[in-house]
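Colleague: What follows is a structure written as C-alpha coordinates; I'll ask about it next.
The values are calculated or read from the model by the stated rules, or taken from the named source; none is laboratory data. The structure displayed is predicted, hence computed values, not measured ones. Glycine gets a Cβ as well: all are built from the backbone with ideal geometry, and neighbour counts include every protein chain shown.
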Amino acid sequence: MESQAQEKTTPKDLSTEVPGMMTKQTPVSDQPWQEWVEPVVDVLSNASNYLGEWFSTYQQLLTTLGIIALGIVSVKIVVAILGAIDDIPLLAPTLQLVGLGYTAWFVWRYLWKASNRAELLAEFDAIKNQMFGDNG
(Lines give C-alpha, C1' and ligand atoms only; values in the text may rest on other atoms or scores of the structure.)
Protein backbone atom coordinates (compact mmCIF):
# COMPACT_ATOMS: atom_id res chain seq x y z
CA MET A 1 0.00 0.00 0.00
CA GLU A 2 1.39 3.13 -1.06
CA SER A 3 1.02 6.13 1.06
CA GLN A 4 -1.15 8.67 -0.46
CA ALA A 5 0.75 11.65 0.64
CA GLN A 6 0.13 14.58 -1.53
CA GLU A 7 2.66 17.24 -1.84
CA LYS A 8 1.78 20.81 -2.24
CA THR A 9 3.40 22.24 -5.27
CA THR A 10 3.49 25.79 -6.46
CA PRO A 11 4.51 26.94 -9.89
CA LYS A 12 7.83 28.73 -10.00
CA ASP A 13 6.50 31.93 -11.56
CA LEU A 14 3.52 32.33 -9.17
CA SER A 15 3.93 35.15 -6.67
CA THR A 16 3.09 34.36 -3.08
CA GLU A 17 2.92 37.97 -1.94
CA VAL A 18 -0.28 39.42 -0.54
CA PRO A 19 -2.22 41.09 -3.36
CA GLY A 20 -2.39 44.83 -3.16
CA MET A 21 -2.05 48.05 -5.06
CA MET A 22 0.34 48.36 -7.92
CA THR A 23 1.44 51.87 -6.93
CA LYS A 24 2.51 53.16 -3.62
CA GLN A 25 -0.29 54.92 -1.75
CA THR A 26 0.47 58.49 -0.74
CA PRO A 27 -1.23 60.14 2.24
CA VAL A 28 -4.26 62.27 1.44
CA SER A 29 -2.63 65.37 2.88
CA ASP A 30 0.10 65.19 0.26
CA GLN A 31 -2.38 65.37 -2.61
CA PRO A 32 -2.33 68.73 -4.48
CA TRP A 33 -6.14 68.92 -4.65
CA GLN A 34 -6.37 68.63 -0.87
CA GLU A 35 -5.70 72.35 -0.45
CA TRP A 36 -8.94 73.02 -2.38
CA VAL A 37 -11.04 70.37 -0.64
CA GLU A 38 -10.35 71.36 2.96
CA PRO A 39 -11.88 74.89 2.72
CA VAL A 40 -14.94 73.48 0.96
CA VAL A 41 -15.41 70.87 3.68
CA ASP A 42 -15.02 73.56 6.36
CA VAL A 43 -17.62 75.79 4.70
CA LEU A 44 -20.08 72.91 4.26
CA SER A 45 -19.64 71.73 7.85
CA ASN A 46 -20.33 75.25 9.15
CA ALA A 47 -23.16 75.98 6.70
CA SER A 48 -25.88 75.77 9.36
CA ASN A 49 -24.02 78.32 11.50
CA TYR A 50 -23.56 80.65 8.53
CA LEU A 51 -27.24 80.36 7.57
CA GLY A 52 -28.37 80.96 11.14
CA GLU A 53 -26.26 84.10 11.41
CA TRP A 54 -27.42 85.31 8.00
CA PHE A 55 -31.11 84.82 8.84
CA SER A 56 -30.76 86.52 12.22
CA THR A 57 -28.92 89.45 10.60
CA TYR A 58 -31.47 89.97 7.83
CA GLN A 59 -34.62 88.86 9.68
CA GLN A 60 -36.49 92.16 9.29
CA LEU A 61 -35.60 92.45 5.60
CA LEU A 62 -36.67 88.86 4.95
CA THR A 63 -39.94 89.43 6.81
CA THR A 64 -40.64 92.54 4.75
CA LEU A 65 -39.84 90.75 1.49
CA GLY A 66 -42.05 87.84 2.55
CA ILE A 67 -44.97 90.16 3.28
CA ILE A 68 -44.50 91.90 -0.08
CA ALA A 69 -44.39 88.55 -1.90
CA LEU A 70 -47.49 87.38 -0.01
CA GLY A 71 -49.27 90.61 -0.96
CA ILE A 72 -48.40 90.14 -4.64
CA VAL A 73 -49.64 86.55 -4.57
CA SER A 74 -52.84 87.65 -2.80
CA VAL A 75 -53.52 90.34 -5.41
CA LYS A 76 -52.96 87.80 -8.20
CA ILE A 77 -55.43 85.40 -6.55
CA VAL A 78 -58.06 88.13 -6.09
CA VAL A 79 -57.67 89.21 -9.73
CA ALA A 80 -58.06 85.59 -10.86
CA ILE A 81 -61.19 85.14 -8.72
CA LEU A 82 -62.71 88.38 -10.03
CA GLY A 83 -61.90 87.31 -13.59
CA ALA A 84 -63.65 84.00 -12.99
CA ILE A 85 -66.69 85.76 -11.52
CA ASP A 86 -66.75 88.15 -14.46
CA ASP A 87 -66.93 85.19 -16.85
CA ILE A 88 -70.11 83.84 -15.23
CA PRO A 89 -73.10 85.10 -17.24
CA LEU A 90 -75.38 87.62 -15.47
CA LEU A 91 -73.39 87.48 -12.23
CA ALA A 92 -71.14 90.45 -12.97
CA PRO A 93 -74.01 92.78 -13.97
CA THR A 94 -75.99 91.67 -10.91
CA LEU A 95 -73.08 92.49 -8.61
CA GLN A 96 -72.66 95.85 -10.33
CA LEU A 97 -76.33 96.63 -9.69
CA VAL A 98 -75.93 95.66 -6.04
CA GLY A 99 -72.90 97.98 -5.79
CA LEU A 100 -74.76 100.86 -7.41
CA GLY A 101 -77.73 100.31 -5.09
CA TYR A 102 -75.52 100.30 -2.00
CA THR A 103 -73.73 103.45 -3.17
CA ALA A 104 -77.07 105.23 -3.71
CA TRP A 105 -78.27 104.15 -0.25
CA PHE A 106 -75.00 105.35 1.38
CA VAL A 107 -75.25 108.76 -0.31
CA TRP A 108 -78.91 109.09 0.72
CA ARG A 109 -78.29 107.91 4.30
CA TYR A 110 -75.03 109.68 5.21
CA LEU A 111 -74.10 112.36 2.67
CA TRP A 112 -77.37 114.00 1.57
CA LYS A 113 -78.00 116.10 4.70
CA ALA A 114 -75.57 118.01 6.91
CA SER A 115 -76.88 116.36 10.11
CA ASN A 116 -76.26 112.90 8.63
CA ARG A 117 -72.74 113.92 7.55
CA ALA A 118 -72.03 115.02 11.15
CA GLU A 119 -73.30 111.64 12.38
CA LEU A 120 -70.99 109.84 9.91
CA LEU A 121 -67.99 111.93 11.03
CA ALA A 122 -68.81 111.20 14.69
CA GLU A 123 -68.91 107.44 13.96
CA PHE A 124 -65.68 107.69 11.99
CA ASP A 125 -63.94 109.58 14.83
CA ALA A 126 -65.19 107.02 17.37
CA ILE A 127 -63.76 104.16 15.31
CA LYS A 128 -60.49 106.07 14.78
CA ASN A 129 -60.13 106.74 18.53
CA GLN A 130 -60.92 103.12 19.30
CA MET A 131 -58.22 101.90 16.91
CA PHE A 132 -55.47 104.50 17.39
CA GLY A 133 -56.30 106.01 20.76
CA ASP A 134 -57.32 109.55 21.65
CA ASN A 135 -54.65 111.87 20.26
CA GLY A 136 -56.29 115.11 20.94
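Colleague: Is there any pair with a first residue in segment 108-136 that is among the aliphatic types (A, V, I, L, M) and a second that is not in a helix (DSSP H, G or I) whose Cβ atoms are under 8 Å apart and which are 6 or more apart or on different chains, and what are they?
Modeller: Sorted first by the residue in segment 108-136, then by its partner, the list stays empty.
Colleague: Taking the condition surrounded by 10 or more Cβ atoms within 10 Å (Cβ to Cβ) and polar (S, T, N, Q), does Q59 pass?
Modeller: Yes: the conditions hold for Q59.
Colleague: Also: Determine if segment 65-83 includes at least one residue that is over 17 Å from the mean Cα position of the chain (by Cα), assigned to a helix (DSSP H, G or I) and of a type in the set (S, T, Y).
Modeller: Within segment 65-83 (the criterion being over 17 Å from the mean Cα position of the chain (by Cα), assigned to a helix (DSSP H, G or I) and of a type in the set (S, T, Y)), the answer is no, since none of the residues qualifies.
Colleague: Okay, moving on. Only one of K8, K12, K76 is modelled with pLDDT of 75 or more and among the basic types (K, R). Can you tell me which?
Modeller: Of K8, K12, K76, the one residue that is modelled with pLDDT of 75 or more and among the basic types (K, R) is K76.
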